[in-house]
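In what follows, a single structure is set out as structure tokens and then discussed.
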Amino acid sequence: MRYFRTLALLFVAWSTAAFAASSPQLMSVNLSAPTVIGGNEVHGTVTLNSAAPYDVEVSLAADPASVAKLPASVTVPAGSNNASFAINTVRSTAMGAGDAVITVYGNYGVTKSGSFTVVPPVSFAQIIDRVVERERTFVSTMKSMHPLAETYIQDLHEDKNHNVQPVNDHYFLGRLDFNRGPQDALFQNQHSSSFSALLSMISTGATHRFLPSGFAQMVMLDANFQKSNYDFTYIRQEFLGEARCLVIDVQPKEKAPGGLFTGRIWVEDREFNIVRFNGTYSAQSRYTYYLHFDSWRLNVQPHLWLPAYVYIEESGTKLKSPPFHTLYFKAQTRLWAYDPESLKHDDAFTDIKLDSSVDDHTAIADKSPVEAQRLWERMAEDNAVDHLQKIGLLAPRGDVDKVLQTVTNNLIITNKLEIEPDVRCRVLLTTPLESFTIGHTIVVSRGLIDVLPDEASLAVVIAHELGHIALGHRLNTNLAFTDRFFFPDLATFQHLDFARSPADEEAADKKGMELLQNSPYKDKLASAGLFLKALQDHAALSNLIRPHLGNRMRQHNGMRMAALVATSPALDKQRIDQIAALPLGSRVSLNPWSDQLNLMKIAPVALLSPQEKMSFEVAPFFPYLSYGASDGQAEVAQNVPKP
């Protein structure tokens, strides 16, 4: 009898262990905010260690239960590994009530927990104190940051029928330094006639001048933010994405010094960080004028909000005081490369595995001259690509590269090309429209990807560059020597040049057309021809089509891939169903912390008028703000025409 009892117990233990091994268990309980004001809602998420084979009910509880109300359980549906639930906090009415730490428990197989703090409601004056404190911390943080900042400006003209279009443009790219106030050290561009011309940026008619430092200032509300200098007026609450914000109007006091911010701020209600501010700065004298802007910050790391986008606009502003005249333009400033150390390869040492011996007796130690030449060219290519990524000009590998690679592979496979070493694709993070090759690496700028209307148009861009590779147009192999890269970051455009000769460009056009005729895109090239026509029509935007590192898409003697222009339909600006090119910022979003690019998830928008096509134009930013994203992702919502 004892034998059978022991056997039964062993069977139960074995069955329990087998069930535990095969069944999912609760892995974590995560909460959407570390701190919340009493009376507001917090979202929790339970996560299993594997996908649920059937609906799994996770038990929930809160301690103390009197301060937080939540459901008794949450169900993880079959096939998923997580589920979310809401926690309602109680607004305390007791005098002198302090903070309360709430622990939320979940149980399924094992018990896991997460905690957050409920703080009592505070007065508006106390909120302003916290905002000022957080902004001072922000200013201190920015002094240790040196992000890249790119500003692109389009001068506007309105005709007698009130049609507005860009007629001229300007461009800055530099690295910010806030240790001595907002300073912008500019990249020197070999394609500009002189660096002094880049600094001046005198607009048509010489009526006004844009300075980089002026746009750099717009990421900072006030370098010395003091409550005593401002009047604050509460307006309402408003959601910016998932961030619930307090909307507050801010005006300098009557006797406050000049140059202070005046406008509106949005303050997220968890830690009271300013996440958006919209307005201008008060004039310091009759000879100074500050532009109007809309400045956005993203939650790039837990508890860290940093500037990412600034939209600037002056719509026909008339200034009577000399030397000012009419200002009519719009501009975008983008910031990225806050964490350049993560782009380097120092962490590669953690992945190195050293073997005691090599037992592959079939390996050949020496390379043939042909293989050696290929490896030497690849070394030069890798050196250039690594340098551009290290300084924040080239995006790390990501999803957008995969899209480019798919189009490239379609062209290679259907044309039965044999290319060694393999062709790779990368993205340059700047706005000017350009593409070029670094050896067998095809590089396309973020700005060009943004404005292309469809995949066939992208295929045309890639086919031209693939033509260079297929024809054997080589990279200068002096870049195989790493000392060639021992120059300041800001001199990169002066030291690196991947432009091709006119003869090579013409040959690549011809080869690219051959590749397209044998590809899946051969019957879809009309849109690409329209794109080239639209680009030709916007020749006045010289800075948009002026490349940093490659050839112009529009030369004095004609357009790249000009054969497509002749066979494409007529360009009709009044047809809202004909989209030749998209506005800037239509395709990809840029993570300002890690420099990763992500394809934007934006619903197509039906156009209501030809003015809304906005081909190649600057548009305002409206990011979807989110919390706690360690990768700092945010999607920028724009009025994107439906292709």
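Bear in mind that the values in this text are calculations on the coordinates, not laboratory data. No experiment lies behind these values; they were computed from the predicted model shown. We place every Cβ from the backbone using ideal geometry, glycine too, and count neighbours over all the protein chains shown.
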Taking every alpha carbon pair in region 395-502 and sorting the distances into 10 angstrom bins from 0 up to the bin holding the longest one, the percent per bin comes out as 13, 44, 34, 8, 0
Amide H proximity to residue 35 below 5 Å, modelled H, separation 5+ or other chain, gives 117
Cα centroid of region 99-166 to Cα centroid of region 530-564, whole Å:
39 Å
Hey, can you rank 234-244, 594-604, 534-544, 451-461 by average C-beta count inside 10 Å, highest first?
451-461, 534-544, 594-604, 234-244
Vicinal HN-Hα couplings computed from phi for region 86-91 (Karplus, 6.51 cos²θ - 1.76 cosθ + 1.60; Hz; Gly/Pro x)
9, 10, 9, 8, 8, 7
So how do 375-381, 417-423 stack up, highest first, on mean other-Cβ count within 10 Å?
375-381, 417-423
Determine ³J(HN,Hα), in whole Hz, for all residues of region 548-553 in sequence, where each value follows from phi through the Karplus function 6.51 cos²θ - 1.76 cosθ + 1.60 and θ = phi - 60°; x replaces Gly and Pro.
8, 10, x, 8, 5, 6
Please give the length that would be gained between residue 370 and residue 386 if that part of the chain were fully extended, namely 0.36 nm times their separation in residues minus their C-alpha to C-alpha distance (nm, one decimal).
3.3 nm
Using Cβ counts within 10 Å as a stand-in for footprinting exposure, how do 521, 108, 328 rank, fewest first?
328, 108, 521
Integer Hz, Karplus 6.51/-1.76/1.60 couplings in order for region 475-487, x for Gly and Pro
7, 5, 7, 5, 6, 6, 8, 5, 5, 5, 9, 8, 9
How far, in nm, would the chain grow between residue 414 and residue 59 when pulled straight, counting 0.36 nm per residue and subtracting the alpha carbon separation?
122.3 nm
Relative contact order of region 24-119, defined on C-alpha pairs under 8 angstrom at six or more residues apart (%):
37 percent
Between residue 243 and residues 5 or more places away or on another chain, which pairs have amide H atoms under 5 Å apart, with H built 1.01 Å from N, and which residues are they?
625
Find how much the distance from residue 136 to residue 110 grows on full extension, using 0.36 nm per residue of separation minus their present alpha carbon separation; answer in nm with one decimal.
5.0 nm
Ranked from highest to lowest mean number of other Cβ atoms within 10 Å per residue, what is the order of the peptides 481-489, 612-620, 585-593, 127-135?
585-593, 612-620, 127-135, 481-489
Under 5 Å between amide H atoms, partner at least 5 residues away or on a different chain: which partners does residue 231 have, H built in plane at 1.01 Å?
251, 253
Take every Cα pair under 8 Å in region 368-615 that's 6+ residues apart, average their separations, divide by the length, and report that relative contact order as a whole percent.
24 percent
